[in-house]
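Notes to accompany the following structure.
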Amino acid sequence: MAQSPSIPKGTRDYSPDIMVKRNYIFDTIKSVFKLYGYMPLETPAMENLSTLMGKYGEEGDKLLFKILNSGDFIGNVPENELLERNSIRLTNKISEKGLRYDLTVPFARFVVQHQSELTFPFKRYQIQPVWRADRPQKGRYREFYQCDVDVVGSNSLLHEVELIQMVDEVYRRLKINVRLLINNRKILAGIAETIGYPDKLIDITVAIDKMDKIGLENVNAELKEKGICDEAIEKLQPILNLEGNNLEKLEQLRTVLRESEVGLKGIEELATVFNYLDDLQIETEIKLDLTLARGLSYYTGAIFEVKALDAQIGSITGGGRYDDLTGIFGLKNMSGVGISFGADRIFDVMQQLDLFPKDNTTTTQILFVNFGEKEEKYCLPLLKQLRTAGINTEIYPEAAKMKKQMGYADKKGIPYVALVGETEMQEGILSLKDMTSGEQTNLRIEEVIAKLNNKK
C-alpha cells in the first residue's frame with residue numbers, strides 16, 4: 001500500500017490563491033523598502049553552527065535545526081562518546097551546519113565578512129524564511145517568513161524616523177489600521193537605576209512587559225518574587241501610570257529620572273524623534289509605552305512594536321536600535337537599527353478583515369476558448385499581442401465542451417473569456433464575455449487591450 005504523502009509538522013503548503021495574496025503583501029512591503037533606498041540581500045538557508053550558536057540564548061540554541069554532516073557522519077565518533085548519549089557533545093561531532101533562526105545574525109555575519117566591499121551606512125532589506133524547532137501549535141510554525149529592513153553603520157536618529165515613516169506607508173497601502181508603540185531601552189535602564197535595582201533590569205522589564213496580559217497587580221507580585229522590595233515597587237507605580245500625550249509623558253519622565261544620566265539620554269532621543277515626526281503628517285497613531293520591552297539583551301536604544309487595531313492578534317511589526325550588532329563577530333561599535341514585518345500575521349489580519357484587493361486574486365485576466373486546431377492557430381498571435389501589452393492571457397489547451405471551458409474560467413476567477421469562431425475570424429474581431437455581468441461584446445484586439453489595461 002502506497003504511503004500517504006505529508007509534510008513535516010509546523011510547515012505549510014501555500015496554494016496559488018494564497019501565494020497571490022502573500023506576494024501582494026511582499027510586493028507592497030518591498031516597494032516601500034525601495035522608496036527609502038534599501039537594497040535587497042539574501043543569505044543562505046544554512047549557516048555554520050559556529051555562526052548561530054550562542055546568539056539566541058540557551059533556549060534559542062535548543063530551537064536551532066541542526067543539519068547532519070554529509071557521508072558517514074558517525075564514522076569518526078569514538079564508540080565511548082556514542083555510548084555516553086551526550087547530545088550536545090555528539091552534535092558538535094556530527095553536525096557543523098544549521099538552518100538560520102532569524103535574519104539578523106546572518107546579516108551581522110555578512111556585514112563583518114564583506115565590510116571592505118560595503119558602503120556605510122549600509123541599508124538592506126531581506127525577505128526570506130527562517131526555521132525554529134519549536135513545538136508546532138496554532139499560530140506557531142517551524143518555518144515562516146521574516147521581512148527585515150536594517151541600516152547599519154550610523155547613529156543618526158533620522159533612521160528611526162524613516163522606519164516609522166515606512167511603517168506608516170506600508171500599512172496605509174495595505175489599508176490596515178495600526179498603532180505604533182515606541183519606547184527606549186535607555187529609559188528602561190534609567191527606571192531600573194532610579195528605583196535602586198540597575199542589576200535587575202531584565203527582571204523588571206520582563207515583568208512590566210506583561211502589563212497588558214496580566215495587569216498591574218500581577219506585575220507587582222512578579223516583581224516581588226524577583227526580589228524587588230516594596231519601596232522600589234511603590235516608586236515604580238507612578239511611572240507605569242503616566243498619563244497625557246507623548247511629550248507630556250516625556251516631561252514627567254524628565255522629573256522622575258532626573259538623577260539618571262542614561263534615562264535622560266533615552267528621553268532626549270525620543271524627544272528628537274517626536275520633533276522630526278511633527279512635520280511629517282504621519283497618519284499612524286504613535287504612543288509612548290513604557291511597558292514595551294522586547295528583547296532587552298539585544299536592543300540598546302529605540303524599541304518599536306506595531307499592533308493592528310481592528311484584529312485580535314499580537315504584534316505584526318517590531319524592532320529597534322542595537323549599538324553593537326556586529327560585535328559578536330569581532331567588529332565593534334557598529335550601530336544599527338531595523339524592524340521586521342511579520343508577513344504571516346499581516347496575512348491573517350488582512351484575511352480576517354477582507355482587505356485583499358478583489359482584482360488581485362487572479363493571475364489570468366483573459367481566457368481564450370478553444371474551438372479547434374484552426375482557431376488555435378488563429379488565436380496564438382492574438383495571445384502574443386495581449387501578453388506583449390502586459391495582459392495575463394491563456395488559451396484552453398484542448399477543444400473541450402464549452403461548459404467545461406467556462407467552468408475552468410469560473411473556478412479560476414478569470415474575469416474575461418474570449419470567443420473566436422469562424423465568424424469572428426472572418427470579421428477580424430473577438431467576442432469578449434464579462435464573466436461577472438455576463439455581458440458579451442464584439443471588439444477588435446486593440447480595443448480589448450485598451451479595455452483590459454484600463455481595468456488594471
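The values are calculated or read from the model by the stated rules, or taken from the named source; none is laboratory data. These figures come from a predicted structure and were not determined experimentally. For neighbour counting, all protein chains shown are included, and Cβ atoms are generated from backbone atoms with ideal geometry for every residue, glycine included.
Report yes if Leu63 is assigned by TED's automatic domain parsing to the domain that holds Asp148, surrounded by 13 or more Cβ atoms within 10 Å (Cβ to Cβ), under 21 Å from the mean Cα position of the chain (by Cα) and not aromatic (Phe, Trp, Tyr), otherwise no. Working first, answer last.
Working: assigned by TED's automatic domain parsing to the domain that holds Asp148: yes; surrounded by 13 or more Cβ atoms within 10 Å (Cβ to Cβ): yes; under 21 Å from the mean Cα position of the chain (by Cα): yes; not aromatic (Phe, Trp, Tyr): yes.
Considered against the rule, which asks whether it is assigned by TED's automatic domain parsing to the domain that holds Asp148, surrounded by 13 or more Cβ atoms within 10 Å (Cβ to Cβ), under 21 Å from the mean Cα position of the chain (by Cα) and not aromatic (Phe, Trp, Tyr), Leu63 comes out as yes.
Out of Arg173, Arg140, I need the residue that is among the charged types (D, E, K, R) and touching a helix residue (DSSP H, G or I) at 6+ places or on another chain (Cβ under 6 Å). Which one?
Values: Arg140 fails: touching a helix residue (DSSP H, G or I) at 6+ places or on another chain (Cβ under 6 Å).
The unique qualifying residue is Arg173.
For the stretch 90-113, which positions are of a type in the set (A, V, I, L, M), out of contact with any helix residue (DSSP H, G or I) (no Cβ under 7 Å at 6 or more places or on another chain) and outside any loop (DSSP other than H, G, I, E, B)? Lay out the reasoning, then the answer.
Of the residues in the stretch 90-113, the ones of a type in the set (A, V, I, L, M) are 90, 94, 99, 103, 105, 108, 111-112.
The next check asks that each one be out of contact with any helix residue (DSSP H, G or I) (no Cβ under 7 Å at 6 or more places or on another chain); those that pass are 94, 99, 103.
Residues satisfying the conditions are Ile94, Leu99.
With the condition kept exactly as written, say whether any residue in the stretch 381-389 is in a helix (DSSP H, G or I) and more than 21 Å from Val448 (Cβ to Cβ).
At the first step, the residues of the stretch 381-389 found to be in a helix (DSSP H, G or I) are 381-388.
Then keep just the ones that are more than 21 Å from Val448 (Cβ to Cβ); that gives none.
No, the stretch 381-389 contains no residue that is in a helix (DSSP H, G or I) and more than 21 Å from Val448 (Cβ to Cβ).
Identify all residues within the stretch 114-149 that are over 15 Å from Ala343 (Cβ atoms), in contact (Cβ under 8 Å) with a residue 12 or more places away in the chain and either of a type in the set (S, T, N, Q) or part of a helix (DSSP H, G or I) (or both); write none if there are none.
Gln115
Output the residue which, of all residues in the stretch 128-156 that are in contact with a strand residue (DSSP E or B) (Cβ under 6 Å, 6 or more places away or on another chain) and either outside the structural domain of Ala343 (by TED's automatic domain parsing) or aliphatic (A, V, I, L, M) (or both), is farthest from Gly327 (Cα to Cα).
Val130
Looking at the stretch 331-370 only, could you name the residues that are of a type in the set (A, V, I, L, M, F, W, C) and either in a helix (DSSP H, G or I) or within 22 Å of the chain's Cα centre (by Cα) (or both)?
The first filter runs over the stretch 331-370 and keeps only residues of a type in the set (A, V, I, L, M, F, W, C), leaving 331, 334, 337, 339, 341, 343, 346-347, 349-350, 353, 355-356, 366-369.
Val337, Ile339, Phe341, Ala343, Ile346, Phe347, Val349, Met350, Leu353, Leu355, Phe356 - these are the residues of the stretch 331-370 that are of a type in the set (A, V, I, L, M, F, W, C) and either in a helix (DSSP H, G or I) or within 22 Å of the chain's Cα centre (by Cα) (or both).
Exactly one condition in (1) outside any loop (DSSP other than H, G, I, E, B); (2) in contact with a Ser or Thr (Cβ under 7 Å, 6 or more places away or on another chain) is false for Ile164; which is it?
Among (1) outside any loop (DSSP other than H, G, I, E, B); (2) in contact with a Ser or Thr (Cβ under 7 Å, 6 or more places away or on another chain), the lone unmet condition for Ile164 is (2).
Table: residues versus (1) buried (at least 20 other Cβ atoms within 10 Å of the Cβ); (2) modelled with pLDDT of 95 or more; (3) under 23 Å from Glu268 (Cβ atoms); (4) touching a Leu at 6+ places or on another chain (Cβ under 9 Å).
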| residue | (1), (2), (3), (4) |
| --- | --- |
| Tyr125 | yes, yes, no, yes |
| Arg135 | no, no, no, no |
| Val149 | yes, yes, no, yes |
| Val152 | yes, yes, yes, yes |
| Gln165 | no, yes, yes, yes |
| Arg172 | no, yes, no, no |
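If I filter the stretch 426-435 for residues that are surrounded by fewer than 15 Cβ atoms within 10 Å (Cβ to Cβ) and closer than 28 Å to Asp27 by Cβ, do I get at least one hit?
Narrowing the stretch 426-435 to residues surrounded by fewer than 15 Cβ atoms within 10 Å (Cβ to Cβ): 426-428, 434.
In the following step, the residues that additionally are closer than 28 Å to Asp27 by Cβ were identified as 434.
Yes - at least one qualifying residue is present in the stretch 426-435.
Report, by residue number, each residue of the stretch 294-314 that is within 21 Å of Val219 (Cβ to Cβ) and either touching a Phe, Trp or Tyr at 6+ places or on another chain (Cβ under 9 Å) or acidic (Asp, Glu) (or both). Before you say what the answer is, go through the steps one by one.
Start the filter on the stretch 294-314 by keeping residues that are within 21 Å of Val219 (Cβ to Cβ), which leaves 294-297, 299, 303, 305, 307, 314.
If the condition is that a residue be within 21 Å of Val219 (Cβ to Cβ) and either touching a Phe, Trp or Tyr at 6+ places or on another chain (Cβ under 9 Å) or acidic (Asp, Glu) (or both), then Arg294, Tyr299, Glu305 are the ones that fit.
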